[in-house]
Every structure is written in C-alpha cells, then in structure tokens.
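A quick write-up on the structure given underneath.
The values are calculated or read from the model by the stated rules, or taken from the named source; none is laboratory data. Remember, predicted model here, so these are calculated numbers, not experimental data. For neighbour counting, all protein chains shown are included, and Cβ atoms are generated from backbone atoms with ideal geometry for every residue, glycine included. Ligands, DNA and RNA are excluded from the accessible area calculation, which covers all protein heavy atoms including side chains. Shrake-Rupley method; radii C 1.70, N 1.55, O 1.52, S 1.80 Å.
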Amino acid sequence: MAIAMGDETEEPYVVAVVLGFTATVLFLAHVAGTMLRDRKAGLTWVRGFVAWICLVVWFGLGCTAFYVRLTAENDTGPVIRTDDAPAAADVPGLHVTPTAVMLAALYLGTGLVAAVGAYLSHNRAYAAFRQARRKQARAAGQAATGALAFELATGNRRLQETLRAAADGTFAEERYRRWAMAEELKQYARVVIAQRAADPALTDALFEPDRNPFQPPPSRPSLP
C-alpha cells in the first residue's frame, strides 16, 4: 500500500487503507464460503454465481496487490557496472522477491482459511435445529412447571372435597340427632298433657299419628 500510494503519504492513512483492504478481502472469502455452504444445504434463495463473484473479486484484489509488489523497484538489488560503460539507469520491472512471494502466500492462506472455515463451521440448518432444541427445552421446563402446579391444584381440590364431604357427614349426623331429640320431646309433651288433662278423649287425640313423623335413616351416614 505504501508503494501504491507513494512515499509522501502519511503512515496513519496507509495503515487505515491496509486495514480496510484486509477486512474487505477476508469478508469476501468468508461470504463466499458461507454462500457455498448454504447452496450445498439446498437453500433456494442463495445464488451460486454471487459466491463465485465474491471469489473472483477476492482473487482479483490479490492479483492486484501482488502485481504492485512485483513492479516495485528493487532498491536492494546489486548494480552491475563495467569499466567502459556508464552505470545503467534502473528500469522498473518485475522483481520476484521473497517479500512478494510471502505476500502471495499469506494472502492465499488467509483467504483459504476464511473461506474453508466459513464453509465448514457455517450450517444454517443446524443453527435452526439448535434454536429449536433450546426452545423445546424451555417449553419442556415450562410444561413441567405447569404440570407440577396442576398436580398441586388437583391435590388441593381433592383435599377440599374430602373436607366438604366430612363436613356434610357431620352436618347430617347432627341433624338426625336433633330430629330424634325433637321426637322425644314431643312424646314427653304428649304424656305430660295427657296426665294433666285426665280426659280420655283428649288423650286419644294427642296420640294420633304425627303429621310430620321422624324417619330415622336406615343407616348412619358414613364419613369419607
């Protein structure tokens, strides 16, 4: 970048351009690997030619950077002089230096790592499966909590029904006892009235069948 922008360019601008160039090429390789993986997974909205366009642009940027490096003047190279001829002027040309080779190797290596890594690690279907599995686990927990609350409510309802049945049995037993006591008091009142009246006709009228006779239950109500 320093060669392409010139020696007069300040270093912060060169660093900013280098960072932008690096981010762009890595993003292109990552997007290409992701799109190829989605295409392999059968997603219809992904177009295969878009991924190949990204790869072509990535490769073109790399070739451009490598060409700029090759066409730079090799200041470290030896100058060949002869006794009879003057020193030849340096002519810019293609200089295959270890730095240029290292640049190409790093560019290809980082691009392949970004593309292949995105292809192997990215799986939209598996991501959706993990999300569905998390939702299922959350729903199962909520269902378990709801089932526990339902069981507690059912047990409380059954307890209340048992207590109500016990209260109904106690009420029925007390009501029968009071009816029996009322029947005994009525009979006692008839006897006392007959003794004080000393009239056979009145006594016969007192001991006629009761209009509201006491009917004891056939068996004592059982408590639950």
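A compact table of results
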item: Condition broken by LEU148, with the remaining ones in (1) out of contact with any His (no Cβ under 8 Å at 6 or more places or on another chain); (2) surrounded by 13 or more Cβ atoms within 10 Å (Cβ to Cβ) satisfied; result: (2)
item: Qualifying positions in region 105-135 - surrounded by 13 or more Cβ atoms within 10 Å (Cβ to Cβ) and modelled with pLDDT under 80; result: HIS122, ASN123, ARG124
item: Sole exception among (1) among the aromatic types (Phe, Trp, Tyr); (2) modelled with pLDDT of 75 or more; (3) open to solvent by 50 Å² or more (accessible area, probe 1.4 Å) for TRP45, by number; result: (2)
item: Cβ pairs under 7 Å, 6+ apart, first in region 50-70 and surrounded by 14 or more Cβ atoms within 10 Å (Cβ to Cβ) and of a type in the set (A, V, I, L, M, F, W, C), second modelled with pLDDT under 85 and not in a helix (DSSP H, G or I); result: LEU70/LEU94; LEU70/HIS95; LEU70/VAL96
item: Residue in region 152-168 that is in a helix (DSSP H, G or I), open to solvent by 100 Å² or more (accessible area, probe 1.4 Å) and in contact with a Gly (Cβ under 9 Å, 6 or more places away or on another chain) present; result: no
item: Hey, GLY117 of a type outside the set (A, V, I, L, M) and without any contact (Cβ under 8 Å) to a residue 12 or more places away in the chain or not; result: no
